[in-house]
1. Can you work out which of the residues in region B:117-148 that are within 8 Å of another protein chain (Cβ to nearest Cβ) and open to solvent by 20 Å² or more (accessible area, probe 1.4 Å) is nearest to B:Met196 (Cα to Cα)?
2. Among the listed residues A:Asn143, A:Asn212, which satisfies the condition of being within 14 Å of chain B (Cβ to nearest Cβ), closer than 30 Å to B:Val221 by Cβ, out of contact with any Pro (no Cβ under 6 Å at 6 or more places or on another chain) and open to solvent by 30 Å² or more (accessible area, probe 1.4 Å)?
3. Residue check, A:Ala337 against (1) facing chain B (nearest Cβ under 9 Å); (2) open to solvent by 10 Å² or more (accessible area, probe 1.4 Å); (3) small (Gly, Ala, Ser), all met but one. Which one?
4. Tell me whether region B:178-186 contains one or more residues that are open to solvent by 30 Å² or more (accessible area, probe 1.4 Å), within 21 Å of B:Ala223 (Cα to Cα) and more than 14 Å from chain A (Cβ to nearest Cβ).
5. Taking region A:268-321 as the search range and keeping residues that are modelled with pLDDT under 90, outside any helix (DSSP H, G or I) and surrounded by 22 or more Cβ atoms within 10 Å (Cβ to Cβ), which one is nearest to the other protein chains (Cβ to nearest Cβ)?
6. Look through A:Ser26, A:Ser8 and report the one residue that is closer than 23 Å to A:Ala81 by Cα, crowded, with 19+ Cβ neighbours inside 10 Å and either out of contact with any Cys (no Cβ under 9 Å at 6 or more places or on another chain) or at pLDDT below 90 (or both).
7. Going by the conditions given, is B:Gly139 of a type in the set (Gly, Ala, Ser) and free of Cβ contacts under 8 Å to residues at least 24 places away in the same chain?
8. Quick check on my filter: what residues within region A:322-331 are open to solvent by less than 10 Å² (accessible area, probe 1.4 Å) and over 18 Å from the mean Cα position of the chain (by Cα)?
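The values are calculated or read from the model by the stated rules, or taken from the named source; none is laboratory data. Computed from a prediction, not measured in an experiment: that's the story for all the values here. FYI the Cβ positions are ideal-geometry reconstructions off the backbone, even for glycines, and counts take in every protein chain you see. We work out accessible area using only protein heavy atoms, side chains counted, and drop any ligands, DNA or RNA first. Shrake-Rupley method; radii C 1.70, N 1.55, O 1.52, S 1.80 Å.
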Amino acid sequence: MTTADRHSESDSRPGQGDGERVVAISGARGMLGSALIRALEEDRRYTKVVAFDLQKPDFALQKTVFHKIDLTLPGVDAEMARVLRAEQVDTFVHLAFLSNFTHRTSWAHELESIGTLHVLNACTESRTRKVVLWSQSLCYGANPGNPAYLREGHELVGAAGPNDTYISDKIDAERQVRQFAEEHPDRRVTVLRMAPILDRDASNFISNMLSNRTIPVLLGHDPLLQFLHSDDADRALKMVVDEDHAGVFNIAADGVLPLRTITGLLGRVPLPLPLALARRVAGVLWMGQVIDVPPSFLDYLRYPCVMDTQKAQQKLRFFAERDIHEIVAEMAGRIEADRRVA
Amino acid sequence: MEGRASRQGGNGRTKVDRRVPVGMITGHNRSRAQRSEAKRENWPGEGDRRTTERRYGPTIDPEEERRRPPGLGRELKEMERIMQERFVPRNEGGGLGARLKKLLTGGTLWEEIRRIQLRHRSEVVDEFGFDPKMADQMGPLLRFLYESYFRVELRGHANLPSSGRALLVANHSGTLPMDAAMLMMGMQREHEAHRMVRPLVEDFVYHAPVLGTIIRRMGGVRANFENAERLLERGRVAAVFPEGIQGIGKPFSQRYQLQRFGRGGFVKLALRTRSPIIPVAIVGAEEAYPLLFKFRGLARSTGVPFLPVTPTFPLLGPLGLVPLPSKWLILVGGPIYIHESFGARDWNNRVLVNKVAEQVRSTIQSMVDDTLAKRRSAFLG
């Protein structure tokens with residue numbers, strides 16, 4: 001992100017006066033999108049919010065206009081560009097990414113990789129002056145060569161898996177956005193790489209994994225994990241929409257914990273598997289669509305993939321309010337509540 | 001030879017009488033040393049430490065570190081106590097009926113699973129995964145090895161400053177990296193500030209199943225430039241063994257002959273972070289695991305660089321992993337402030353880096369040689 005980094009030195013005040021800003025959000029029905037719309041609805045600086053998704057967000061909207069858009073359809077970029085021009089959108093927040101692994105890999109590719117292409121085309125054709133992209137720490141990949149804390153400049157390696165395009169699509173989206181930033185030095189491009197979100201309501205691969213009574217772990221391996229509370233995720237997103245901060249930023253809660261300590265704190269039973277067996281079993285189960293997590297994910301149970309958040313602290317002045325212990329305690333509370341209900 | 005150190009009152013700095021000739025590295029006078037001591041106080045990495053560790057983890061304030069000797073372990077324990085208060089379910093009271101109901105609905109089972117899993121783990125680890133509970137539990141074994149088995153003698157430990165960053169550079173030997181553990185143990189026990197040394201661990205050990213996890217939880221950090229930089233910037237003590245695998249894997253016939261010092265990464269590190277290099281000679285570890293041969297072929301499939309053959313391993317099976325009871329001597333030399341002679345920009349001057357690395361290597365080699373000359377027996381000292 002060299003070009004984007006160069007621009008990050010510049011001003012960090014909102015580009016326009018109060019009550020003039022219009023924000024468009026793709027993937028508006030998702031958890032991050034809904035939270036952002038709620039926050040923008042209450043903020044007087046924003047006159048209008050344009051929400052793109054397949055379904056309308058399930059709460060009352062006042063200044064939000066909903067447009068039904070399917071990012072996988074050809075020609076959707078022109079349609080979006082028309083809306084962006086008509087509504088005079090100045091900021092596009094691209095959140096239309098899956099937070100769960102899926103077996104529908106070709107559809108996921110169309111949505112994430114091609115969807116980003118459509119979004120960027122629409123932004124090019126309109127007068128959008130800021131683009132915000134949601135990305136995940138998974139993109140760095142869990143590799144034996146990773147430093148204990150990955151900085152933003154580290155290469156995005158992802159996971160090596162033949163049928164697993166979940167992460168490579170996200171990396172491709174980031175690559176496109178980087179290219180967009182280089183081609184359009186006049187536009188602010190922000191990428192937020194977030195740690196896995198975990199809290200009371202989160203629904204993604206990590207919260208699903210930890211919701212199981214037994215959690216598979218790799219025998220003899222115990223990686224350090226990092227999370228993010230959705231309150232902090234929402235706050236970070238709102239922050240980069242409000243202010244101009246070009247560049248890539250790692251967003252994560254403070255602190256790390258080993259996986260086995262987390263299973264202990266949550267009262268879950270770890271199921272230690274030898275690596276060779278786990279890989280084979282996971283391969284078969286993934287092929288048979290019994291499990292929803294591909295075998296390449298096993299690397300994340302083996303090697304560290306933890307981000308350094310110094311840049312966000314220094315440049316965004318963003319400090320996560322919930323640390324990992326509060327997040328795990330909240331998850332423990334959620335499990336306890338589920339147990340009581342059962 | 002021991003690098004006698006004399007405390008200088010007031011500012012709490014140590015001045016070192018260096019008897020080891022380090023040639024050009026140490027070619028500076030004292031006033032220059034003091035000037036850059038003053039400069040070191042407001043080095044950028046120091047100032048922003050507060051902001052980066054604002055929310056989580058022990059804030060390592062040099063002042064506070066001086067006041068509270070047990071250091072990191074104690075702070076983590078305090079955090080753990082707070083965590084336990086937050087996590088351990090409060091006793092809700094109630095009579096027999098309530099307790100029976102709780103048991104039947106599986107309420108206690110959940111707590112039991114937690115209790116069993118957290119028996120050997122603390123609920124708080126530091127940023128590199130150091131687990132104070134684990135270190136406590138391994139304590140007796142290490143203490144036995146240190147005191148009774150290897151009868152380690154640590155000399156010149158006052159050369160390690162009581163606070164602030166420092167980079168220990170040591171020779172590596174013995175097939176299992178026991179020398180790092182003994183160095184850690186020694187500094188924790190005998191140094192006046194009980195400083196915790198974080199050894200930088202080779203990849204194939206760090207990522208080895210079981211062993212790697214134990215090493216990480218006992219305080220090991222993966223040997224990586226960024227990790228080491230992070231440690232030093234936070235005012236900690238890192239220990240490097242620049243010989244790496246070559247040092248562990250040299251045959252017994254080449255004992256105490258220091259191998260190539262990697263590519264001088266530790267010199268770059270010291271220049272970049274402006275840390276003093278403290279040479280350390282470890283004598284006795286070679287005899288603990290005398291390496292006769294190494295098998296390469298068999299080892300390739302398992303990921304380890306070689307399979308060692310010692311007089312007892314693999315002849316006696318796992319029993320052969322027990323080291324021989326050699327008498328150890330750990331010698332800590334006087335600090336070398338290379339960043340005073342050279343600027344931080346010099347870190348990518350490869351000729352210079354190589355030269356300095358070679359100087360440090362020969363310093364340690366001469367420390368080892370001197371000790372060997374005085375030693376009468378490998379097992380009796």
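1. Ranking the candidates gives B:Glu127 first.
2. Details: A:Asn212 fails: closer than 30 Å to B:Val221 by Cβ.
One residue alone meets the criteria, A:Asn143.
3. (1)
4. Of the residues in region B:178-186, the ones open to solvent by 30 Å² or more (accessible area, probe 1.4 Å) are B:178.
Imposing the further condition that a residue be within 21 Å of B:Ala223 (Cα to Cα) reduces the set to B:178.
Among the residues that remain, those that are also more than 14 Å from chain A (Cβ to nearest Cβ) are: B:178.
Taking every residue of region B:178-186 in turn, at least one turns out to be open to solvent by 30 Å² or more (accessible area, probe 1.4 Å), within 21 Å of B:Ala223 (Cα to Cα) and more than 14 Å from chain A (Cβ to nearest Cβ).
5. Per the criteria, the residue is A:Arg268.
6. On the way: A:Ser8 fails: closer than 23 Å to A:Ala81 by Cα.
The conditions single out A:Ser26.
7. Values: of a type in the set (Gly, Ala, Ser): yes; free of Cβ contacts under 8 Å to residues at least 24 places away in the same chain: yes.
The answer is yes for B:Gly139.
8. Going residue by residue through region A:322-331, those that are open to solvent by less than 10 Å² (accessible area, probe 1.4 Å) are A:324-325, A:327-328, A:331.
Selection gives A:His325, A:Val328, A:Met331.
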